[in-house]
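Read through the structure below, which is laid out as structure tokens, and then see the notes.
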Amino acid sequence: MGIERIKIITVFGTRPEAIKMCPIILQMKKTERIKCVVCLTGQHREMLHQVMERFAVWTDYDLDIMQKKQSLTSITEEILKKLEYVLKIEKPDLLLVHGDTTTSFSAALAAFYHRIPIGHVEAGLRTYRMHSPYPEEFNRQAVDLIADIYFAPTEWARQNLLKEGKPVRDIYVTGNTAVDALSMTICQDYDTDILKWCSGSRFILLTAHRRENLGEPMRRIFRAIRKIVEEFPDVKILYPIHKNPQVRETAQEILSGVERIRLVEPLDIVDFHNCMAQSYMILTDSGGIQEEAPSLGKPVLVMRDTTERPEGVETGVLKIVGTEEERVYWEIKNLLTNPAAYQNMSRAVNPYGDGHASERIVEAILRRFYREEKAEDA
Ligand code: UD1
Ligand code: UDP
């Protein structure tokens, strides 16, 4: 007997996973041939629910594991324990995870232990430096080790998977669903109070949260940014601070009390994308923002030593600038004072996708399951 309806469980738990999985869930819900179950691990709480509300996606399970200052061990342990019950009840045909978080790793491991096939969205990204970014490089390699279907966003990601010996028939190049999300949020002439505050200035959007940047690297970055604001009276910084208390302490210590720096709560995705679209440039250590900014033609200085997303660097929109204070200061100053350098980085070309990645992912799943069914029936 073949499959009548494929049951797919999507498991995710952080803000960026939600932003990139919701377009796939919405796409799956358009077909009768898939029954989609949504399980949140709750690795994030407020930042996750903000996204779920915005996309109006209904949740079937919330493992609600988040703790203040949680450790990698506690996240992994809680997910393994709690997801087991869900998998036993649901018995899905496929479990979908996204990217490289500890949620993705733990959920894939739980599926592997229960012999449930795993689909990895955003597969094949690599730095091949196990500690940079940490622990994400391990997570993504570990998920790819046990995945059955790979949704590689780009040809470069596909090549990484092929070099590692993954079967060619299991890899689909789809584009990145971050670009799908972006196509749902950007509005011409978008306005909010925060954008009113930014108007009339060269406004720089800042985000920072990476574990390997916590502490001294983040202090160096923030000192460089403060120096820029003191030197350029037409520059304003908008910084929606990640909920991580360690990030908040450092941001308060160095960036609070400066008139042209505004520290705000994490922005809703529609506000954030439209702030990106209206910014002068973006400073970040985020992964997802590197995929989104090229669509908007905004220069991005990436405050990390490595990137698993080299395509944007090749197109010239992203530049890896590390975390040394002098270098970060100089690179921002260069974009503020050198029009040619600014123009060179302001290209609206996105190597990560065209806004149709979710459609390709769902089509690939349908083709794969129904092809296998036909083979079984034959
Ligand atoms: C996690 C991912 C990282 C991803 C990032 C996206 C891991 C190991 N890290 O890092 O890959 O880039 O999410 O943002 O999977 N907190 C809240 N409310 C929230 C979210 C977080 O209070 O809604 C606080 C909690 O105190 C929590 C802390 O932030 O303990 C850190 O969260 P955690 O998920 O462990 O790490 P992130 O740095 O967010
Ligand atoms: N983002 C958001 N509000 C904010 C900051 C970021 O909605 O205040 C979005 C951003 O557009 C991107 C994603 O969050 O889609 C990036 O998440 P984050 O930087 O936390 O994680 P990473 O991508 O580095 O894993």
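The values are calculated or read from the model by the stated rules, or taken from the named source; none is laboratory data. Bear in mind the structure is a predicted one, so any value in this text is a computation, not a measurement. As a convention, Cβ positions derive from the backbone with ideal geometry for all residues, glycine included, and neighbour counts pool all protein chains shown.
Does Q43 satisfy being modelled with pLDDT of 95 or more and either within 19 Å of the chain's Cα centre (by Cα) or closer than 27 Å to R371 by Cβ (or both)? First the steps, then the outcome.
Details: modelled with pLDDT of 95 or more: yes; either within 19 Å of the chain's Cα centre (by Cα) or closer than 27 Å to R371 by Cβ (or both): yes.
Yes.
From the list T59, T10, T31, which residue is away from ligand 2 (no atom under 16 Å from the Cβ) and assigned to a strand (DSSP E or B)?
Numbers: T59 fails: assigned to a strand (DSSP E or B); T31 fails: assigned to a strand (DSSP E or B).
On inspection, the qualifying residue turns out to be T10.
For (1) part of a helix (DSSP H, G or I); (2) among the β-branched types (V, I, T); (3) away from ligand 1 (no atom under 13 Å from the Cβ); (4) more than 22 Å from M52 (Cβ to Cβ), each residue gets a yes or a no:
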site: Y239; (1), (2), (3), (4): no, no, yes, yes
site: Q246; (1), (2), (3), (4): yes, no, no, yes
site: E253; (1), (2), (3), (4): yes, no, yes, yes
site: V258; (1), (2), (3), (4): no, yes, yes, yes
site: F272; (1), (2), (3), (4): yes, no, no, no
site: M276; (1), (2), (3), (4): yes, no, yes, no
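Would you check which residues across the range 1-21 are out of contact with any strand residue (DSSP E or B) (no Cβ under 9 Å at 6 or more places or on another chain) and either modelled with pLDDT under 95 or of a type in the set (A, V, I, L, M, F, W, C) (or both) and list them?
Matches in the range 1-21: M1, G2, I3, E4, I19.
Counting only residues that are away from ligand 2 (no atom under 12 Å from the Cβ), part of a loop (DSSP other than H, G, I, E, B) and not hydroxyl-bearing (S, T, Y), which one in the range 39-54 is surrounded by the most Cβ atoms within 10 Å (Cβ to Cβ)?
It comes out as G42.
Would you be able to say whether some residue in the range 139-146 is surrounded by 15 or more Cβ atoms within 10 Å (Cβ to Cβ), within 16 Å of ligand 1 (Cβ to nearest atom), β-branched (V, I, T) and not in a strand (DSSP E or B)?
The answer is yes, given that some residue of the range 139-146 is surrounded by 15 or more Cβ atoms within 10 Å (Cβ to Cβ), within 16 Å of ligand 1 (Cβ to nearest atom), β-branched (V, I, T) and not in a strand (DSSP E or B).
Taking the range 259-281 as the search range and keeping residues that are modelled with pLDDT of 95 or more and farther than 24 Å from A348 by Cβ, which one is farthest from ligand 2 (Cβ to nearest atom)?
R260
Given the criteria away from ligand 1 (no atom under 16 Å from the Cβ) and surrounded by 15 or more Cβ atoms within 10 Å (Cβ to Cβ), does K35 qualify?
yes
Condition check ((1) within 21 Å of D100 (Cα to Cα); (2) hydrophobic (A, V, I, L, M, F, W, C); (3) under 26 Å from the mean Cα position of the chain (by Cα)) across all residues:
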| residue | (1), (2), (3) |
| --- | --- |
| R304 | yes, no, yes |
| L318 | yes, yes, yes |
| L335 | no, yes, yes |
| R347 | no, no, yes |
| H356 | no, no, yes |
| E359 | no, no, yes |
| R371 | no, no, no |
